[in-house]
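Okay, structure first, notes after.
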Amino acid sequence: MRGMTTDEELLRLATLAGAELLDAERRLVTAESCTGGWVAKLLTDIAGSSGWYDGGVVAYSNTLKQSLLGVRPSTLASHGAVSEATAREMAIGALETLGGQISLAVTGIAGPAGAQPGKPIGTVWFAWAWRENGEIEMRVALETFSGDREAIRRQSVARSLRELTQLQRKL
């Protein structure tokens, strides 16, 4: 498929993110929804990833977003699962529940169904959270990707890893 993010590119991005984490002596945790654990799979495909990746949660349902990551029912009711507020709470919940020094969270609509008013297929929210001076700092991003379900998920994984790498270089 033309323009598809390849397996080789995803592995390259995961390897680069891991190298940055290792250099910074930071441990990563993940909270994934629409990517279904794809980020965690890529990271653990890398030999030695236990030196910088602690693990993650795949919370596809709202029930698990609440019970495992501490996403508030009121957030889901007011903003929905695919929202900045939910991505933020997923990232914070991952840090608080799983530990690590940095987390990434991803939640979106990969399709082919699930579009809502103002949230078309391909809408994906990302959040990266880390502790700095005793406080939790955060970066969030919204993307609207095109393509089929696999293309949207691949682009989501790539975007989450690219930003993680860039963020590591700035911290």
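The values are calculated or read from the model by the stated rules, or taken from the named source; none is laboratory data. Nothing here was measured: the structure is a model prediction, and the numbers come from that model. Note that we place each Cβ from the backbone using ideal geometry, even for glycine, and neighbour counts take in every protein chain shown. These accessible areas exclude ligands, DNA and RNA; they are computed on the full protein's heavy atoms, side chains included. Shrake-Rupley method; radii C 1.70, N 1.55, O 1.52, S 1.80 Å.
Using 0.36 nm per residue of separation minus the Cα-Cα distance, give me the extension gain between E84 and T63 in nm, one decimal.
Working: separation 21, 0.36 × 21 = 7.56 nm, distance 1.79 nm.
Extending this stretch completely gives an extra 5.8 nm.
Under a straight-distance cross-link criterion of Cα-Cα below 12 Å, which aspartates and glutamates are reachable from K65, leaving out those fewer than 8 residues away in the same chain?
Those aspartates and glutamates meeting the cut-off are E32, E89.
Can you tell me what share of the DSSP beta bridges in the range 1-158 is antiparallel? A percent to the nearest 5 is fine. Kindly include the intermediate steps, with their values, before the conclusion.
Numbers: 18 of 28 bridges.
Taking every DSSP beta bridge with both residues in the range 1-158, the antiparallel ones total about 65 percent.
How many percent of the alpha carbon pairs in the range 93-171 exceed a separation of 14 Å? Could the numbers behind the result be given before it?
Working: 1913 of 3081 pairs.
Every Cα pair in the range 93-171 considered, those over 14 Å come to 62 percent.
Pop out the carbon and sulfur fraction of the accessible area of the range 106-171 as a percent, whole number, probe 1.4 Å.
Details: 1440 of 3150 Å².
About 46 percent, which is the carbon plus sulfur part of the accessible surface.
Report the residues of the range 97-129 in range of a label on E150: point 7 Å along Cα→C-beta, backbone N strictly under 17 Å from it.
Counting backbone N atoms under 17 Å from the label point, the list is 110-113.
Cα centroid distance between the range 52-107 and the range 138-171, in Å?
Cα centroid of the range 52-107 versus Cα centroid of the range 138-171: 16 Å apart.
Just to be sure I understand the model, the point goes 7 Å from the Cα along the line to the Cβ. What's the resulting Q116 to T97 distance in nm?
The answer from the label model is 1.9 nm.
Plugging the Kirkwood radius over Cα pairs into Stokes-Einstein for the chain, at a temperature of 25 °C and a viscosity of 0.890 mPa s, what D comes out in µm²/s?
Numbers: Rh = 15.8 Å.
Reported coefficient: 156 µm²/s.
Convex hull over the alpha-carbon atoms of the range 1-83: what's its volume per residue in Å³? Don't jump to the answer; show the numbers that get you there.
Working: hull volume 9.8 nm³, N = 83.
Hull volume normalised by residue count: 119 Å³.
How would you order 111-120, 127-136, 49-58 from highest to lowest mean count of nearby Cβ atoms within 10 Å? Write out the running numbers ahead of the final one.
Working: 111-120: 12.0, 127-136: 15.2, 49-58: 18.3.
Taking the mean over residues of other Cβ atoms within 10 Å, the ranking is 49-58, 127-136, 111-120.
Under the rule of -39500 (n - 2.57) per DSSP H run of 4 or more residues, summed and divided by the residues of the chain, what mean residue ellipticity at 222 nm is obtained, to the nearest 500 deg cm²/dmol? Can you show the working numbers first?
Working: 6 runs with 77 residues, N = 171.
That calculation yields -14000 deg cm²/dmol at 222 nm.
Report relative contact order for the range 12-171 in percent, whole number only (criteria: Cα-Cα under 8 Å, sequence separation at least 6). Please list the in-between numbers first.
On the way: 316 pairs, mean separation 38.5, N = 160.
Here the relative contact order equals 24 percent.
With every protein chain present, what is the per residue accessible area of the chain (1.4 Å probe, Å²)?
On the way: 7990 Å² over 171 residues.
The answer is 47 Å² per residue.
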